[in-house]
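Take this structure, written in structure tokens, and hold onto it; I'll ask about it next.
Derivation of every value follows stated rules applied to the coordinates shown; laboratory data play no part. Note that the structure is a prediction, hence the values are computed from the model and not measured. As a convention, Cβ positions derive from the backbone with ideal geometry for all residues, glycine included, and neighbour counts pool all protein chains shown.
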Amino acid sequence: MTYTFQSLPQLIDLRGKLASKGDYSKRTRAITHRVWHHSLTKKHLAGSDAASFAAYHVNALGWPGVGYSLIIEPKNVIQTSKGPRARIVYANDIDRRTYHVGNSNQFSLGICVAGDYRYDTMDDATIASIADLHASLIKDNIGKYDTSHNEMPGYSWKACCVYDYRKLVKWEGSLTPSNPTPIPDTYIIQEGDTFWSIAHKDGAGGVTVNDLIKANPGVDPTKLKVGQKILFGKAKVQSKPVNKPNSSTSKPSGNSYIKKFQQWLNTFYKADLVIDGVYGPKTKAAAIKALQTELNRQFNAGLVVDGKWGPKTHSAIRTASKRAEGNITRIIQGMLYCLGYDPKGFDGDFGNGCDAAVREFQDDENLSIDGRVGKNTFSKMF
Ligand SMILES: [Zn+2]
């Protein structure tokens, strides 16, 4: 079978020509996920190409061949009629189950962009090749969803990929269809799905993880089962959970909200806290882990999720302020309760009550009083 992507002018077919010992077996399932990797080798080094990855995977790891189907090589630039493009190596037949995401290999296509994007900057020729390849794969009907390696089950700790593949595949030069299909009302869980991956496979980009959590109050996102039906399109119009503070006392009713915060950390971040409504070092570490997890998920921050407040976490912080929505806002609200302030609810919506509590906290901590929770305000919280 010949695919559209094979006629890209920057593509070279090296199937059967790279280091190997034996064959990968044939896939027994259709490809649903296009999984984006980087090589974690600096892009201009001699070893940053398909041939070197193949040698490493075969000789050092003992694999049958290189672990990716397609490899983009920034150091090999090809001049095409559309401009300079990074070379794309077709390394393994699309129908081969290569090794790159463990239990998910069967249905995942491995695409690696050579380089270490924790430090390297991505150049235009590489971005253009990513977009060209992505557009062709869509035409060829290979895969339905894009994910990064660390969004695949079991790999959340991986600093792979750290570039923003969501933005790159929508690069303006790409031929990716711009009119996604509407969001369905329900969704059936498939192998490997998480709320996180689902939130990014709706096509329209409008459904967040928080929407899914709100729309599926009885569903434990850590225990999704293949075939399980969840509510999908209604997430946006689902009413907010009622979570009003229970009295008008000036200081917060505290403990019950700290309990809610602890329960939430347990459910969504596997924190394993005792639900005692008491703020101590374990709850603090769990809150930092949740924040690190969200910074990784939402901003590809590449943090080690260790529950310790350090310079890397500090510099990865994005500022939240009034009208922000989502899990980071919940962490802010939970922390305010823990520290004796009353943000008037633990609902993930940064409203007037949360704004007022943040300002009170900033005043007490001699921070500039602007209601914006950025690096300095977070630092004082932790
Ligand atoms: Zn990877």
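What is the gain in length, in nm to one decimal, between Q79 and A55 on full extension, counting 0.36 nm per residue of separation less the C-alpha to C-alpha distance? Please list the in-between numbers first.
Working: separation 24, 0.36 × 24 = 8.64 nm, distance 2.73 nm.
5.9 nm is the gain from fully extending Q79 to A55.
Right, next: What does the charge count near D120 come to, summing +1 for each Lys or Arg and -1 for each Asp or Glu among other residues with Cβ under 15 Å from its Cβ?
On the way: positive: K42, K43, K75, R118; negative: D49, E73, D116, D123, D124, D164.
Overall, the nearby charge balance is -2.
Let me ask something additional. Take each of the peptides 309-316, 68-75, 334-341, average the number of other beta-carbon atoms within 10 Å over its residues, and list them starting from the highest.
68-75, 334-341, 309-316
Something else about it: What number comes out for the charge environment of G307, summing +1 per Lys or Arg and -1 per Asp or Glu over other residues with Cβ under 15 Å away? Walk me through the intermediate numbers first.
On the way: positive: K270, K282, K284, K289, K308, K312; negative: D272, E294, D306.
Net charge around G307: +3.
Take the alpha carbon atoms of the stretch 286-324, find their center, do the same for the stretch 90-120, and report the distance between the two centers in whole angstrom.
About 27 Å separates the Cα centre of the stretch 286-324 from the one of the stretch 90-120.
Same structure, new question: Report, in whole Å, the centroid distance computed from the Cα atoms of the stretch 33-89 and the stretch 264-281.
The stretch 33-89 and the stretch 264-281 have Cα centres separated by 43 Å.
Shifting gears a bit: What pairs in K43/K289; K17/K82; K144/K225; K259/K380 have C-alpha atoms more than 26 Å from each other? Present the calculation step by step, with values, prior to reporting the outcome.
Working: K43/K289 31 Å; K17/K82 28 Å; K144/K225 20 Å; K259/K380 22 Å.
Beyond 26 Å between Cα atoms: K43/K289; K17/K82.
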